[in-house]
Amino acid sequence: MTRALSPLVALMICSCACAAQSDTLLSSRVELLAGEAFLDEYAQSSDAYLIDCRTAPEREGGMIDGARGMDFRSDAFRQNVAQLNRSRPVFVYCQSGGRSAQAAELLDSLGFARVVDLKYGYGSLAPK
């Protein structure tokens, strides 16, 4: 009886492992780039959107050139991004990376072709 169960148990373990692996592959297509790599990728993407999802007071301290201010915590955020062309790449950042990670996941779930998030946020960029 023990021998008969062993192949069955092995099959169950393998099935669970395969399911977990496929969930990992399907969970998100968001690219996470740090500092200069993020800025370089954005500069090379002439038709990309750049979204600063910080609050207006945070943006007063500076923004990346070309960024659109869209406060992630505002009720209008989802409406604003719904008006964007989903076939164009979208780059997103916040102050430290938390809100932009959430925004990036939302943008990905809405079907944007390419979503790039600034790792560690605006605060990680060297002052110019």
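Throughout, read-outs are computed from the coordinates displayed, never taken from laboratory work. Because the structure is predicted, anything quoted here is derived from the model rather than measured. Here Cβ is always computed from backbone atoms with ideal geometry, including for glycine, and neighbour counts include all displayed protein chains.
From the backbone phi of segment 63-79, what are the Karplus-calculated ³J(HN,Hα) couplings (6.51 cos²θ - 1.76 cosθ + 1.60, θ = phi - 60°) in whole Hz, Gly and Pro given as x?
Listing the rounded values in order: 9, 6, 3, x, 6, 9, x, 9, 4, 4, 7, 7, 5, 7, 4, 4, 5 Hz.
Quick one: which of 97-107, 77-87 comes out on top by average Cβ neighbours within 10 Å, and what's the full order, highest first? Could the numbers behind the result be given before it?
Working: 97-107: 20.5, 77-87: 12.7.
Descending packing order for the listed peptides: 97-107, 77-87.
For a test of the definition: using alpha carbon positions, the gyration tensor, and the 1.5 limit on a/c, classify segment 39-128 as rounded, prolate or oblate. Intermediate values should be presented prior to the final figure.
Details: a/c = 1.63, a/b = 1.19, b/c = 1.37.
Taking the square roots of the gyration eigenvalues as a ≥ b ≥ c, segment 39-128 is oblate.
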